[in-house]
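Read-outs: derived from the displayed coordinates by stated rules, not from any lab. Here the structure is a predicted model, which is why all the values come from computation and not from measurement. Backbone-built Cβ (ideal geometry, glycine too); neighbour counts: all protein chains shown.
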Amino acid sequence: MEIIAHRGASHDAPENTLAAFRLGWQQHADAVELDTWLTSDGQAIVIHDGDTKRVTGVAKKIATSTLAELRALDAGSWRDPRWSGEKLPTLAEALATIPDGKRLVIEIKCGPEILPELERVIAASGKQATQLVIISFSLPVCTDAKKLFPKIPVLLLSSLKQNPMTRAWTPRAETLIAKAVAAHLDGLNIEGKPGLDADFIRQTHAAGLKCFTWTVDKPDVAKRLRDAGIDGLTTNRPGWLREQLR
């Protein structure tokens with residue numbers, strides 16, 4: 001099971017910063033996951049939300065702000081004064097941190113308009129397709145990304161909801177698998193709730209797809225999913241969770 005640092009080692013450092021990514025590698029994560037948006041001047045910047053308020057204290061929308069405007073903000077102090085001065089990284093900077101033998105999982109938070117810039121940045125990074133994974137909740141984005149990057153694994157993200165009356169979980173494995181197969185994707189990345197069970201994972205594998213999960217910080221849940229055959233598990237605490245699993 002691949003252990004993936006969610007927004008870097010975000011339990012210990014401010015999420016989606018170079019400090020969090022480097023700490024994720026230091027904690028022996030197999031991969032680091034991040035989120036990316038396109039700025040108003042066409043640059044791929046790393047941040048989860050569509051605006052900067054939560055992680056900088058200043059409200060600026062990513063899509064209507066320039067890279068320079070966003071880079072002027074402090075993205076570390078909200079966690080702790082010792083992280084003061086951490087900037088919102090560019091995707092290029094994040095790619096440069098990947099050690100040999102490790103992978104970067106890139107979640108596209110905006111629409112397909114970012115794909116040409118993604119192509120440019122990835123090409124300039126010199127990183128191999130085996131060092132990258134692309135994920136998105138948007139099926140159209142995943143579909144377009146797979147066409148543009150045929151050698152890079154592309155996974156469809158999905159949350160899970162339980163019907164309080166029937167106790168059934170949706171969307172069903174069959175539904176998500178059908179969408180991924182039709183779009184020639186490489187797998188699914190599913191919320192780590194009880195609806196993601198051994199049968200769900202078995203069905204995904206039977207369709208020739210990988211099955212990843214997000215975001216799991218509880219050792220008992222991680223052990224259950226590992227034993228059920230999950231391929232990759234995203235966590236805020238990669239080093240700590242690996243020790244618990246031992």
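Things to note:
- Of all residues in the range 74-95, those satisfying the criterion of being hydrophobic (A, V, I, L, M, F, W, C) and under 22 Å from E107 (Cα atoms) are A75, L88, L91, A92, A94, L95.
- Applying the set (1) part of a helix (DSSP H, G or I); (2) farther than 18 Å from V141 by Cβ to V181 leaves exactly one unmet item: (2).
- Condition met for F200 (among the aromatic types (F, W, Y), within 15 Å of the chain's Cα centre (by Cα) and on the phi < 0 side of the Ramachandran plot): no
- Odd one out for T36 among (1) surrounded by 24 or more Cβ atoms within 10 Å (Cβ to Cβ); (2) of a type in the set (S, T, Y); (3) farther than 24 Å from E117 by Cα: (3)
- When the range 102-136 is limited to residues that are exposed (fewer than 13 other Cβ atoms within 10 Å of the Cβ) and among the hydrophobic types (A, V, I, L, M, F, W, C), the one that is nearest to F212 (Cα to Cα) turns out to be A129.
- Residue check, L156 touching a helix residue (DSSP H, G or I) at 6+ places or on another chain (Cβ under 6 Å) and over 29 Å from H28 (Cα atoms): no
- Test: residue in the range 182-194 that is surrounded by fewer than 22 Cβ atoms within 10 Å (Cβ to Cβ) and under 14 Å from the mean Cα position of the chain (by Cα): yes
- Number of the exception - T204 against (1) touching a Lys or Arg at 6+ places or on another chain (Cβ under 8 Å); (2) among the hydroxyl-bearing types (S, T, Y); (3) in a loop (DSSP other than H, G, I, E, B): (3)
- Given (1) within 20 Å of W25 (Cβ to Cβ); (2) out of contact with any Cys (no Cβ under 9 Å at 6 or more places or on another chain), number of the condition L118 does not satisfy: (1)
- Output for the range 39-72, where each listed residue is buried (at least 18 other Cβ atoms within 10 Å of the Cβ) and in contact with a Gly (Cβ under 8 Å, 6 or more places away or on another chain): I62
- Figure legend. Inter-residue proximity from the range 206-230: first residues under 23 Å from S136 (Cα atoms), second residues aromatic (F, W, Y), beta-carbon distance below 9 Å, spacing 6+ or different chains. Indicated pairs: C211/F200; D217/W240; I230/F212.
- Residue among A13, A5 that alone is part of a loop (DSSP other than H, G, I, E, B), surrounded by 17 or more Cβ atoms within 10 Å (Cβ to Cβ) and of a type in the set (A, V, I, L, M, F, W, C): A13
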